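The values are calculated or read from the model by the stated rules, or taken from the named source; none is laboratory data. On a predicted model such as this, the values are computed, not experimentally measured, just so you know. Positions of Cβ are backbone-derived with ideal geometry, glycine not excepted, and every protein chain shown enters the neighbour counts.
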Amino acid sequence: MSMPTLPASKAKRGRTDAGSTYSFKNEKKSLADTVMPLLLFLCAAVSILTTIGIVVTLLTETYHFFREIPIFEFLTGRKWSPLIPPVSYGILPLLSGTLLITVIACIVAIPIGLASAIYLSEYAPSSVRRVVKPILEVLAGVPTIVYGYFALTLVTPLLREIFPQMGVFNALSAGIVVGIMIIPMVCSLSEDAMSAVPRSLRDGAYALGATRLEVALRIVVPAAFSGIVASAVLAFSRAIGETMIVTVAAGSTPKLTANPLESIQTMTAYIVQVSLGDTPRGSLEYGSIFAVGMTLFVITFLLNILAQYVARRFREEY
Amino acid sequence: MQTLIEISNLNLYYSSVHALKNVSLSIPEKAITAFIGPSGCGKSTLLRTMNRMNDMIPGTRIEGKLTIGGTDIYSNEVDVETLRKKVGMVFQQPNPFPKSIYDNIAYGPRLHGIRNKKQLDEIVESSLRAAALWDEVKDHLKRSALSISGGQQQRLCIARALAVNPDILLMDEATSALDPISTLKIEELTQELKNRYTIVMVTHNMHQAARVSDQTAFFLNGEVVEHADTEKLFSNPSDQRTEDYISGRFG
Ligand SMILES: Nc1ncnc2c1ncn2[C@@H]1O[C@H](COP(=O)(O)OP(=O)(O)OP(=O)(O)O)[C@@H](O)[C@H]1O
Ligand SMILES: [Mg+2]
């Protein structure tokens, strides 16, 4: 479209491309510049393909399972008994087990994590913060099986001093320890969100005569709210997905109960149980772990969407 | 004019930095006192000693005496929060809270225990009027304070400071981030406010100091070189360094 004007302007400048004294050719473009993007793309493709593979496997196996067991029965059944006849695949007991653990874990982790985050970000001298933050990161890296034994050999015996009627395997101990496990994550993420709140907002509030606590609770927490919610939801999904602790300490009795003193089974623990056994491929029981896995996947997926919505809805921009 | 703030032999150290050296200064009531001087000479530091905002900087040490209305504000009986309620502050960058315009103004009064809706409404209106912002925002008090212009935000911050009913207003280069028209508005505003409040302002703009203040103090390297009526300081400075500075020979 601009073609007709081009020759004229060239003529005006009295210089053609051939006679240009400027060269914009890249002289140092090497093989790496051509190959690297391809290599990087391949690396990215690996993880994308894996994800697709997981989803496809999950979907096909789940589909086969739901041809045998109606999805409605699966979602609303109050009895999970894949081995002992009468065989029944109602996921509610596993779901309630998972929920029980998750709720206990969040009751432990969110208040403690948030309180420590407030302490670290608003009260602690920078020397303390410099020491504690890396420790938190290390704690987040402790293998969960270690926490599982911590639950079984330390927390459960302690709890049984208080509740003598409680069994060796119980939701309470596992839930508390899952909570302890995710405290560092909640704390670290919330602290990041709170540290990101500009100093000037705090100064504005201090200058009005606010105390440290008032600044923390009425300025910093609201301003960092979306980050805090995100950390809480992440904690929630982490608790839902936690496997080793509940396998070791919560038992393997699917039970529709809200009593934390009882032995229960979570969705993840059920998957472990079946995976470890010699269940033949293609059997109904084998298929059930995919249906359970799919349920977990959907729940975490929905939680993530919820987290994003909440974070956006409550964002206080600064 | 009666003295409200009396500073005598004040020394302030940030860890090893000696930021204020033997500062003595009397600041008159219901007037505007301007602090001028080159960057890093301690103007903001001295301003922050008046509402004890320096307390929060680790490693700060302070010697000497600073009294407001006869009370030594660094004595043990003084409650810092009550002091800051009486000594408001406006910062260089407008820093409204990420809340509505209404909630920004009501933040201070709520902090100090006022819950009554009607009373809060009155405070919000009178503070916004006092900061010459009411007419511009009265129809959208529920809007985010971040949605208004920088100049309006700064007047909002002034209104927010006035809402807790202070006696003193500290302004640290409060117009330096604003356009000329907003600056002019705030300068006019200070002329109104000085009937009711004692204002201490830091400014890099010597014309501003000359235009709005009653008294001016010139700082250099943590010391007060000269403090006099503004008219005198600008027309007939008694110290050579003051003269060099106001005539633009350094700084
Ligand atoms: N938080 C702090 N920690 C250590 N030193 C500081 C701190 N704040 C200020 N100082 C030092 O104290 C001295 C006075 O600083 P101050 O901010 O009071 O200067 P100012 O006159 O307000 O400068 P400007 O005009 O640039 O705002 C400077 O040397 C500065 O480096
Ligand atoms: Mg300054």
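Assess whether A:Phe41 counts as being modelled with pLDDT of 80 or more and under 30 Å from A:Leu296 (Cβ atoms).
Judged against the criteria, A:Phe41 is not a match.
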Query raised in the report: Could you say whether any residue in region A:100-117 is within 30 Å of A:Asp192 (Cα to Cα), in the same structural domain as A:Glu285 (by TED's automatic domain parsing) and free of Cβ contacts under 8 Å to residues at least 40 places away in the same chain?
Result: yes
Report task. May I ask you to say which residue of A:Gly227, A:Gly241 is within 26 Å of the chain's Cα centre (by Cα) and closer than 27 Å to A:Val292 by Cα? Result -> A:Gly241
Query - Candidate set: region B:200-236, residues that are free of Cβ contacts under 8 Å to residues at least 60 places away in the same chain and assigned to a loop (DSSP other than H, G, I, E, B); chosen: the one nearest to ligand 2 (Cβ to nearest atom) - result: B:Asn205
Query raised in the report: Of B:Gly59, B:Gly113, which residue is over 21 Å from A:Ala205 (Cα atoms), of a type outside the set (Asp, Glu) and modelled with pLDDT under 95?
Result: B:Gly59
Query raised in the report: Taking the condition away from chain A (no Cβ under 13 Å) and of a type in the set (A, V, I, L, M, F, W, C), does B:Ile57 pass?
Result: no
Query raised in the report: Of the conditions (1) surrounded by 16 or more Cβ atoms within 10 Å (Cβ to Cβ); (2) in contact (Cβ under 8 Å) with a residue 24 or more places away in the chain, B:Trp134 fails just one. Which one is it?
Result: (2)
Report task. Select from region A:201-224 the residues that are within 8 Å of another protein chain (Cβ to nearest Cβ), under 21 Å from B:Ala163 (Cα atoms) and either not in a helix (DSSP H, G or I) or not small (Gly, Ala, Ser) (or both) and list them in ascending order. Result -> A:Leu201, A:Asp203, A:Tyr206, A:Ala207, A:Leu208, A:Gly209, A:Ala210, A:Thr211, A:Glu214, A:Arg218, A:Ile219
**Report entry** Within region B:121-131, considering residues that are part of a helix (DSSP H, G or I), small (Gly, Ala, Ser) and free of Cβ contacts under 8 Å to residues at least 60 places away in the same chain, the one nearest to the other protein chains (Cβ to nearest Cβ)
**Finding:** B:Ser127
Query raised in the report: Restricting to region B:72-109, what's the tally of residues that are in contact with a helix residue (DSSP H, G or I) (Cβ under 7 Å, 6 or more places away or on another chain), under 17 Å from A:Arg212 (Cβ atoms) and more than 7 Å from every other protein chain (Cβ to nearest Cβ)?
Result: 1
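Being over 13 Å from the mean Cα position of the chain (by Cα) and within 16 Å of ligand 1 (Cβ to nearest atom) narrows it down to one residue among B:Ala145, B:Ala177, B:Ala163; which is it? Don't jump to the end; show me each part of the working.
Details: B:Ala145 fails: within 16 Å of ligand 1 (Cβ to nearest atom); B:Ala163 fails: within 16 Å of ligand 1 (Cβ to nearest atom).
Only one candidate qualifies: B:Ala177.
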Report task. Considering every residue within region B:163-174, establish whether at least one is part of a helix (DSSP H, G or I) and touching a residue at least 24 places away in the same chain (Cβ under 8 Å). Result -> no
Report task. Go through (1) among the polar types (S, T, N, Q); (2) away from ligand 2 (no atom under 16 Å from the Cβ); (3) within 24 Å of B:Phe234 (Cβ to Cβ) one by one and return the number of the condition B:Ser39 breaks. Result -> (2)
Query raised in the report: Does B:Gly251 qualify as being at pLDDT below 95, under 20 Å from the mean Cα position of the chain (by Cα) and more than 25 Å from B:Pro28 (Cβ to Cβ)?
Result: no
Query raised in the report: Among the residues of region A:177-200, is any hydroxyl-bearing (Ser, Thr, Tyr), without any contact (Cβ under 8 Å) to a residue 12 or more places away in the chain, part of a helix (DSSP H, G or I) and farther than 24 Å from B:Arg52 by Cβ?
Result: no
**Report entry** Filtered residue count, region B:161-177, keeping only those that are surrounded by fewer than 20 Cβ atoms within 10 Å (Cβ to Cβ) and within 16 Å of ligand 2 (Cβ to nearest atom)
**Finding:** 2
Report task. Filter region B:42-59 down to the residues that are within 11 Å of ligand 2 (Cβ to nearest atom) and not aliphatic (A, V, I, L, M), then identify the one that is surrounded by the most Cβ atoms within 10 Å (Cβ to Cβ). Result -> B:Lys43
Query raised in the report: Does A:Met244 satisfy the criteria of being away from every other protein chain (no Cβ under 14 Å), within 30 Å of A:Leu159 (Cβ to Cβ) and buried (at least 18 other Cβ atoms within 10 Å of the Cβ)?
Result: yes
Report task. Spot the failing condition for A:Gly282; the list is (1) assigned to a loop (DSSP other than H, G, I, E, B); (2) of a type outside the set (A, V, I, L, M); (3) within 19 Å of the chain's Cα centre (by Cα), and only one is missed. Result -> (3)
Query - Residues being surrounded by 14 or more Cβ atoms within 10 Å (Cβ to Cβ) and among the aromatic types (Phe, Trp, Tyr) - total across region A:157-188 - result: 1
Report task. Give the residues of region B:11-52 that are under 12 Å from the mean Cα position of the chain (by Cα), more than 8 Å from ligand 1 (Cβ to nearest atom) and within 14 Å of another protein chain (Cβ to nearest Cβ), sorted by residue number. Result -> B:Thr49, B:Met50, B:Asn51
